[in-house]
Every structure is written in C-alpha cells, then in structure tokens.
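The structure appears below as structure tokens.
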Amino acid sequence: MTRYTCTGPVDWRERLRRYALLVRLHRPIGILLLLWPTLWALWIAGDGMPPWGIVLVFIAGVAIMRSAGCAINDYADREFDGHVARTQTRPIAAGLVSPTEAVAVFLVLTLLAGCLLIFLNWPTRIMSLVALLLAAIYPFMKRFIHLPQIMLGAAFGWAVPMAFMALTESIPWVAWLVFISAVIWALIYDTQYAMVDREDDLKIGVKSSAILFGRYDNLIVGLLQVFMIGLLLTVGALSARGGPYYMGVMLGAVLFAYQQWLSREREPQVCFEAFLNNNIFGMVIFISLMLDYAF
C-alpha cells in the first residue's frame, strides 16, 4: 500500500497553493469541457437570451463542481497515480496533500456549490442531487467497468437538463439530445485522454475505453464523432436553428477529422493534443449558437 507523507508544517498560502494544484486550477481544460455543453443548453433553453444571473450561477457551479471532482478523483486514484508517469506529481501522490485533506476539500467545495442553489428553482435543486451523486461515484468506476467515461459524461452533462429546468421548468426532447451529445463527447475526448496512459494503465490494472477498444480505438472514436455530429444537427432542427449554427457544426466536423489525423499514430503526446483540441470544438459550437440567435 502507498504511504502518503506530507512534508512538515506549511503556512496558509502554501497550503492554498497545494489545494489549487489538487483541484487543477492551473489546468482549466476540464472546466471548459464541462462548461461548453452547459452554455449550449442555456442558450437554447433561453432562446438566445438566458438571464445573465442564471448564466453566472451555472458558470460558477461548473467551476466549483469540476474542482470538487478533481479532489475526489485524486483521492480515488491515490493508489495508482504514483505508478503513472503523467500523474506522479499530483499532490496526494507527491505527498503535498493528504487523502483526508482531499476529501475535506471535496466536501467544502460541494457545500459551496450547494449555496448557489438558492438562486435556482426547487426542481433544479432536487436535480442537483443527481449531479452530486454522479460526481462522487465516477472516480471509482475505472475499477469496475471499461467505460467509466459514460459516467463522466453523465456527470459533466447533467448540467444540461438542469439548465432547461432552471429556465423553462421543463426538459424537452432537445434537452435530452444535448445531454446525450455531452455524454458521447466525453466518451470521445476521454478515450483520447486514456490513449495517453494506456501502457501505464495496463501495467497497474486500471480499466479504460482505450484498453477496451484496443487497435480499433481511432475507428470507434471516429464513429462516435460522426454520431455526435448527427445529434448536433438534430438539435439544430428541433430548435429551429439557421445557417450560422449549421456552419459551426460543419466546422466542428472538420475539427473532429483533424483530431483523427493527430492521433493516427497513437503517440501519447499527439493524442493529448487531440484531447485538448476538443476545447476549440466546444467553443465553435457555442459561438455558432450565439451568432445564430443574434442574427
């Protein structure tokens, strides 16, 4: 069993710096990947003009819950991170933060996110309990199933039906299509992410979609990308979107093709670049929605 040895006493500024590393504030890509589908949903549910107060509540909630997810993820992976090259410097593995502190950070951040619920209606508050459950159990799924990304996608995407409930007090079919798109998207980009760690994961016995898909990884990711583009086109039809939106979806398809080209040799560094490129994809879809509603 791994021993976690935190170095001697540190002042509060150093302690906060370590907690910032724990929740990945220096790597906001996770916040952005969670944020884009939330913004898609807010703009569709708000017919292009969602109340800015609600938008700010959801942005803050996304940032806080993603940070909480990082803390509980590192707690769940504390026995594995020291054996994976990419994660050896994470605070728990490096002895900068104890597992108990990580759980405490998770609980404090969850409480802060809960405080935001006072600005939302009661149905949305009740739905937030599902989000909390998904965020808490996802990090442990890689021990039991090869597709933990589905749980990740559900955790990341649950803000979509919440956004519709907060703005319209209903969850129409288009909301569920956006939610499914978010789940499929998480399976896409987190498989690319898992391709970076595949060799280490095989050694330590961690399950992942990259291991499950094997030599068919890029093919399956490609099929999922085609499926997601189809879902986004259907979302456009159901929400009566116009040319700017469809142009954005087509540009998104080009970005997916570029990701396939990047990961063709399955080299870890370029697979990571393909993963990062998804931030641009999410931004393109959001900008196309904004332009479409504006014009």
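Remark: the ARG17-ILE59 segment gains 12.9 nm on full extension, using 0.36 nm per residue and subtracting the alpha carbon distance.
With the cut-off at under 15 Å, measuring from each backbone N in segment 155-189 to a point 7 Å along the Cα-to-Cβ line of ASN121 picks out 161-172.
Scaling the Cα radius of gyration of the chain by the globular reference 2.2 N^0.38 Å produces a ratio of 1.01. Relative to the current alpha-carbon distance between VAL130 and TRP52, full extension at 0.36 nm per residue lengthens the span by 25.6 nm. Counting Lys and Arg as +1 and Asp and Glu as -1 over every other residue whose Cβ lies under 12 Å from the Cβ of GLU101, the net charge comes to +2.
Using the Cβ-Cβ distance between GLU265 and PHE140 with R0 set to 45 Å, the FRET efficiency works out to roughly 0.90.
In debye, nearest 20: dipole of the chain around its Cα centre with unit charges on the Cβ of K, R (+) and D, E (-)?
Charge dipole of the chain: 380 debye, to the nearest 20.
Please build a GNM for the chain, connecting alpha carbons under 10 Å apart, and tell me which residue among ASN121, ASN278, ASN73 fluctuates the most. Of the options given, ASN121 has the highest mean-square fluctuation.
Rounded to the nearest 10 degrees, the inclination of helix 29-45 to the longest alpha-carbon principal axis of the chain is 20 degrees.
Peptides 74-87, 38-51 ranked from most to least packed by the mean count of surrounding Cβ atoms within 10 Å: 38-51, 74-87. Model label sites at LEU223 and MET283, defined 7 Å from Cα along the beta-carbon direction, differ in position by 3.2 nm.
Where a number appears in this text, it was derived from the coordinates with a stated rule and is not lab data. Please read these numbers as outputs of a predicted model, since none were measured by experiment. Every residue, glycine among them, receives a Cβ derived from its backbone with ideal geometry; neighbour counts consider all protein chains shown.
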